[in-house]
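Inspection log for the structure reproduced underneath, given as structure tokens.
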Amino acid sequence: MSKKIMLTGDRPTGRLHIGHYFGSLKNRVKMQHEVDECYILVADVQALTDNFNNPEKVRNNVREVVMDYLSVGIDPNKATIYLQSEISEVAELTVFYSNLVTVARLERNPTVKTEIAQKRELFSESVTYGFLGYPVSQAADITAFDATIVPVGEDQLPLIEQCREIVRKFNSIYGEVLREPEAVLSSTKRIKGLDGNEKMGKSLGNAIYLSDSEEEITKKVMGAVTDPNRIRKDDKGNPDVCMVAYYHNLFSNEEECSKVCEECKLGERGCVACKKQLANNIIEFLRPMREKRAYYEEHLEEVDKILYEGTLKAKAKAEVTMRKVKEAMRLDYFNELKKIDDSFSRQ
Ligand code: TRP
Ligand code: SF4
């Protein structure tokens, strides 16, 4: 039976929030126990594709993201957490794979297309070669580890499809060396922001971070968007248009949720009390993560050691793939030259 190898990761551009948790972290924590090998990358090189002018930001968020992983329950004995920029094999593979994908195909990639549109300010003149090509480097991330399972958010599906195409093309030309990965989606997909925006995001200012303090959580929940037609406390409400009700469904138990809905519809529930109850439930939900994070913040050397050792381990694995790929692509002439060197040293 072939090995189940899972690989996924995040760009270190900020701390992770509850959208990341429900969209993918929760699933990773579960899956790390179900696969033969598990790799989680901190994608600092990929982060530069849209933050090339802000290297400090990327650098400063590497450790934050690792702490977020550890605090939600990624177990370094199960998962290898590594730093992308140290795996030079990935950069090499990216160059090799760049011949196997056309510019038109990259331009058609729905994820890339949407992101370019969102980043008008950054790419006002024209999109960079690096950004347009990031699906190619993501294919390198995945295949360098021979990964078969890639748990990602829905928005990343076109990137996995693009990776599969590259793999098929590679194998058809150079021989069966690479394996096609499969995307795995979380059961909860994308979660909305506190303001009702379809997406929770750093730049949108509508996120609750896994590391937020109790006060921050309360303050944010108090500012969440509720049914706009509800002005007085006894107005009948519509929980379907209220973000507070939406989050109750994620963080409160069934009994509480049905009570929220019922009382809201009858106009028997105050929004302030409703929000306080939600804030408390979120605070309790995140408490173990906050506590674990506090531990790691006091033991940064442990965090760094985990990332360091993970990176060394990951590097060794990528080197094996690299050798196979170069041989298949007949980029192996240097091996002949090395024989000459050997015979000299024997004289
Ligand atoms: N593109 C992913 C994101 O923005 C991060 C990432 C980089 C990734 N390399 C990957 C995800 C490989 C899965 C597999 O979140
Ligand atoms: Fe939303 Fe609760 Fe107010 Fe209803 S009572 S509108 S569910 S905050």
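A short reminder: the numbers here are calculations on the coordinates, not readings from a lab. These numbers come from a predicted model, not from an experiment. Cβ placement follows ideal geometry from the backbone for every residue including glycine, while neighbour counts extend to all protein chains displayed.
Between 258, 85, 124, the GNM of the chain built on Cα springs shorter than 10 angstrom shows 124 fluctuating the most. Near the amide H of residue 183, within less than 5 Å, lie the amide hydrogens of 150, all on another chain or at least 5 residues away, with H placed in the peptide plane. Entry note, the chain: relative contact order of 21 percent, from Cα contacts under 8 Å with a spacing of 6+ residues. Within segment 82-186, the trypsin sites (Lys or Arg not before Pro) that combine a DSSP coil assignment with at most 10 other C-beta atoms in a 10 angstrom radius are 120. For the residue pairs 169/199; 275/305; 202/305, the alpha carbons lie more than 30 Å apart in 169/199; 275/305. Here the chain is scanned for GluC sites (Glu not before Pro) in DSSP loops (not H, G, I, E, B) that have at most 10 other Cβ atoms within 10 Å, and the longest stretch holding none of them is 199-347.
Computed on segment 78-183, with alpha-carbon pairs under 8 angstrom and 6+ residues apart, the relative contact order is 31 percent. Put simply, the amide H of residue 199, placed in the peptide plane, has neighbours under 5 Å in 193, leaving out anything fewer than 5 places away on its chain. Each residue of the chain gets 171 Å³ once the volume of the Cα convex hull is shared out per residue.
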